[in-house]
Structures are given as structure tokens and as C-alpha cells.
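The values are calculated or read from the model by the stated rules, or taken from the named source; none is laboratory data. Keep in mind the model is a prediction, meaning the values are calculated, not measured. Neighbour counts run over all protein chains shown; Cβ positions are idealised from the backbone, glycine included. Quick note on the areas: whole protein, heavy atoms, side chains included, nothing else; ligands and nucleic acids left out. Shrake-Rupley method; radii C 1.70, N 1.55, O 1.52, S 1.80 Å.
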Amino acid sequence: MKSEGFELTHSKGRKRRKLLTFLGISGFLSLSIFFIEWFGSKESGSLALFADAGHIATDVFAHVISFSAIFISGKKPSKKFPFGFHRFEVLAALANGLLLVGIAVFILYESYGRIINSTPIHVESMLLYSVIGLVINFISAGLLFRVSKESLNLKSAYLHVLSDLLGTVAVVIGAIIIHLTEYTAIDSVLSLLIAVFILKTSVSVVRESLEILLEAEPSEFEKEHLIEHLLAFQGVKEVTKVQIRKLTSGIYSLELQLLVKEDADRDSITVQTHTLSKSHFGVQFVHVELISEKIKSKLDSVAVQEKEHHIGHSHHGHHH
């Protein structure tokens, strides 16, 4: 039995290393594309190439967040950090989203300026650097495709790379059109489209990050379905409190208060609740409180005493 547990742990460790390796290589490739396209935008004067570099930046941050999530998930909660370090991913995502909102606004401003006052573009450089970016993007997408089915986190990173691929294809097509028609306004139009796409993505990331940090109830969690299961347990009369917190993508904490009958088997209900929450709903952190009708009325009458907050332990207002 001990040997089986060791094998399982070893297998999980091997899988984590594999995912981190593929994600690390793909992230390095995305970072390379960013610098290539950023340098290419300076050389060619193409705002669309700069906008695509900004789009690639979203992918670089997505890789960092995914890498952090996989790495941090291996760290166990401690006494000081009972929920682990999952919120680091959310903080990184919030910083990423705010930065990208700024990039998108800057690109929109520049696009508007270039539509009014056309800027010369060195189309050969634009085409060269965008094609190089496209080739590296294909390699990165191919790497992540191999492991995208093994992890939801990796699937998210893979979808980011695919969206980058489409953006780079658009820039390549734009460069070809400019080369054939000398219609440089295409560059500004592409910049606008890419900037709007970045803005839409980054705003949704900022919104979700803030909802998690402010501990809003996650809309995707099947709360009503959970309550139905809990009420079906023998001895449970009412679910009086359900508090669901999202720590990061796919990681939840759950606090439950159940009103039970006087003769209820409390141990059985506790075990069933933990089993249901963890096995069926995938909740990692579960706290269950079982109360009777008599206790409920007493709890409802307890008032919160408002007083000044003190750092450390205070003996004011209560007695040992």
C-alpha cells in the first residue's frame, strides 16, 4: 500500500515536471516573439506589428500565471497560510490585466493618430518579422497541443497561443496587402482590431481577478445543485449558510452551516458532506458546522460588538 502511494506521488511529480517543461519552453518562445515583433515594429514603423507584440505580451503573462499555478499547487498549506498560495496567481493576473489595458489604450490612441496622419511603413521589414513570429508561434502551439489535454491550465495557455497565431496571421496578410496595393491604412485598421481584442480580454481578466479578491460568489459554481444533495442527507432539515470562495481558477473553499434534527447522526452527516463537496464538486477546502433548532435561535440572537481594531491580542471586552 505504501509502495502504491509512493508510485502515485512519483507519477504526479513526473507529470508536473513534464507540464512545467513544455510550458517553460512555450513561454520562452512567446517571449522571443514579443521581442522580435517589438524590434520589427521599430524597424518597419508598423503599428500593427507593435499591437501584435502587445497581444503576445498577454500570452507571456498567461504562461507565467499558468507556470506559477502548476508550481504553487505543489506547495502544501501551512499554519500561517491555511489556503496555500493560490491567490498569487490572481494577483499576477490582475497586474497582467491592468498592464494590458494600458497597452490597448495606447495602441488605440496611436491608431487614431495614424489614421489622421498617415505614417510611412517599411513593408519588407514588417513582412519579415511577422513571418518569423508566425513560424515560432506555430512551434509554440505544437508544443502545447501535446499537453493541452492533460491539464485545464495548459489548455488555457494553448488557447492563448492559438489566438496569438491568428493575430500574427492577420499582420502577415496585412503586410502582403500593403506590399501589393501600397494602402498603408490597413496597418492602422489591424492595430485597432488587435487593440480592441486585447482590451476585451484584459478587462475580463481584471474583472474576474477583482471578483476573486473581493470574495464574490463564483457564478460558475453549482450552488443550488449542492444544496439539493445536502438536503437529501438523512437528518438534515435546512441548509442555513453556504459561503463559497474562489481562491483561483478551479480552487474553491466552502463554508456550510446545516440545521440538523436532534437525533441526527452528526458524524455521518459530516463525512457525507466532506465526501460530496470534495469528490463530486471538487472543493479543496471544506468547513462544516452542524447546529440544532435550539442552538440556531441562540446564534441568531448573538450581536456583533463593534470596536476598534487592535493588532495582536487584546483583553478588553472579555474575561478569561
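Here are some notes:
- Contact map, the range 228-239: residues that are closer than 7 Å to Val260 by Cα paired with residues that are among the β-branched types (Val, Ile, Thr), Cβ distance under 7 Å, separation 6+ or inter-chain. Pairs shown: Gly235/Val260; Gly235/Ile269; Val236/Val260; Val236/Ile269; Lys237/Val260.
- Taking the criterion of being loosely packed, with under 14 Cβ neighbours inside 10 Å and assigned to a loop (DSSP other than H, G, I, E, B), the residues of the range 231-249 that qualify are Ala232, Gln234.
- Ser204 meets all of the listed conditions (1) surrounded by 15 or more Cβ atoms within 10 Å (Cβ to Cβ); (2) assigned to a helix (DSSP H, G or I) but one, namely (1).
- Qualifying residue in the range 74-91 (condition: closer than 22 Å to Phe28 by Cα, open to solvent by less than 60 Å² (accessible area, probe 1.4 Å) and outside any loop (DSSP other than H, G, I, E, B)): yes
- Pair list, Cβ < 6 Å and 6+ apart or interchain, from the range 110-134 residues that are closer than 15 Å to Ala51 by Cα to residues that are in a loop (DSSP other than H, G, I, E, B) and not charged (D, E, K, R): Ile121/Gly45; Ile121/Ser46; Ile121/Thr184; Met126/Ser46
- Filtering the range 284-305 to residues that are under 25 Å from Arg245 (Cα atoms) and either at pLDDT 85 or above or within 36 Å of the chain's Cα centre (by Cα) (or both) leaves Gln284, Phe285, Val286, His287, Val288, Glu289, Leu290, Ile291, Val304.
- Of the residues Ile72, Ile25, Ile36, Ile56, the single one that is of a type in the set (A, V, I, L, M, F, W, C), at pLDDT below 75 and farther than 20 Å from Leu210 by Cα is Ile72.
- Scanning the range 207-230 for residues that are part of a helix (DSSP H, G or I), open to solvent by less than 50 Å² (accessible area, probe 1.4 Å) and of a type in the set (A, V, I, L, M) gives Ile212, Leu226, Ile227, Leu230.
- Neighbours by Cβ (under 8 Å, 6+ apart or cross-chain): first from the range 249-275, free of Cβ contacts under 8 Å to residues at least 40 places away in the same chain; second assigned to a strand (DSSP E or B) and of a type in the set (Asp, Glu): Glu255/Glu289; Leu256/Glu289; Gln257/Glu289; Leu258/Glu238; Leu258/Glu289; Leu259/Glu238
- Taking the conditions (1) at pLDDT below 80; (2) exposed (fewer than 13 other Cβ atoms within 10 Å of the Cβ); (3) not small (Gly, Ala, Ser) in turn, Arg16 satisfies each one other than (2).
- Residues that are part of a helix (DSSP H, G or I), at pLDDT 80 or above and open to solvent by less than 50 Å² (accessible area, probe 1.4 Å) within the range 112-132 comprise Val123, Ser125, Met126, Tyr129, Ser130, listed in sequence order.
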